[in-house]
1. Listed residues 155, 163, 114, 125; which is at pLDDT below 90, closer than 24 Å to residue 8 by Cα and in a helix (DSSP H, G or I)?
2. Which number in (1) over 16 Å from residue 84 (Cα atoms); (2) surrounded by fewer than 17 Cβ atoms within 10 Å (Cβ to Cβ) marks the one condition that residue 4 misses?
3. Please work out if residue 147 is within 24 Å of residue 1 (Cβ to Cβ), loosely packed, with under 14 Cβ neighbours inside 10 Å and outside the structural domain of residue 63 (by TED's automatic domain parsing).
4. For residue 10, work out the one condition from (1) touching a strand residue (DSSP E or B) at 6+ places or on another chain (Cβ under 8 Å); (2) without any contact (Cβ under 8 Å) to a residue 60 or more places away in the chain it doesn't fulfil.
Amino acid sequence: MQEIIEHLKKELASLRTDRATPALIEDILVDYYGAKVSLRETASISAPEPRLLVIQPWDKDSIVDIEKALTAKNYTPKNDGQLIRINLPALTDERKKQLEKEIGQKTEQARIKIRLQRDKKREEIKEIKDEDERYRQLKKLDEDVEKINEQIEEIKKKKIQEICS
């Protein structure tokens, strides 16, 4: 179940807030010498200012390929031959509402995965012959699921706060 939480955190990190973070673009696939690799494997990415991302390719010959990949993902990169800069505009109220919906959908998907895991584990526990042990494990399972759902809700609240502030 903890893997589901980590996956949710990674998915939410890739959603854009009003602050630039390398997580926004690090998983974009770049055609690098005929192979598709993530941007983080071809360049260093930094956010020196709240609305600016700077990409410094390790191989200067790949700068055009990186620029193409970013343009394909609707970013507007500025290439100066050494670095690529991406200026991120401020989020509109409409976009903030869309992001809140997306966050809600992603957290609900995580909850569904948790419920499926819980149901699988419940079936395993029902096979236990000792009634006291079965009861104890079912109770522990319910407590664990409750804690995980609280974590999901906390993650959701933090991300929505990031977007709205």
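The values are calculated or read from the model by the stated rules, or taken from the named source; none is laboratory data. Just so it is clear, the structure is predicted and the values come from calculations on it, not from any experiment. So basically every Cβ, Gly included, is an ideal-geometry build from the backbone, and we count neighbours across all protein chains shown.
1. Being at pLDDT below 90, closer than 24 Å to residue 8 by Cα and in a helix (DSSP H, G or I) holds for just one of 155, 163, 114, 125, which is 163.
2. If we test residue 4 against (1) over 16 Å from residue 84 (Cα atoms); (2) surrounded by fewer than 17 Cβ atoms within 10 Å (Cβ to Cβ), just (2) comes out false.
3. yes
4. Condition (1) is where residue 10 drops out.
Yes or no, residue by residue, for (1) touching a residue at least 12 places away in the same chain (Cβ under 8 Å); (2) touching a helix residue (DSSP H, G or I) at 6+ places or on another chain (Cβ under 8 Å):
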position: 69; (1), (2): yes, yes
position: 101; (1), (2): no, no
position: 133; (1), (2): no, no
position: 144; (1), (2): yes, no
position: 159; (1), (2): yes, yes
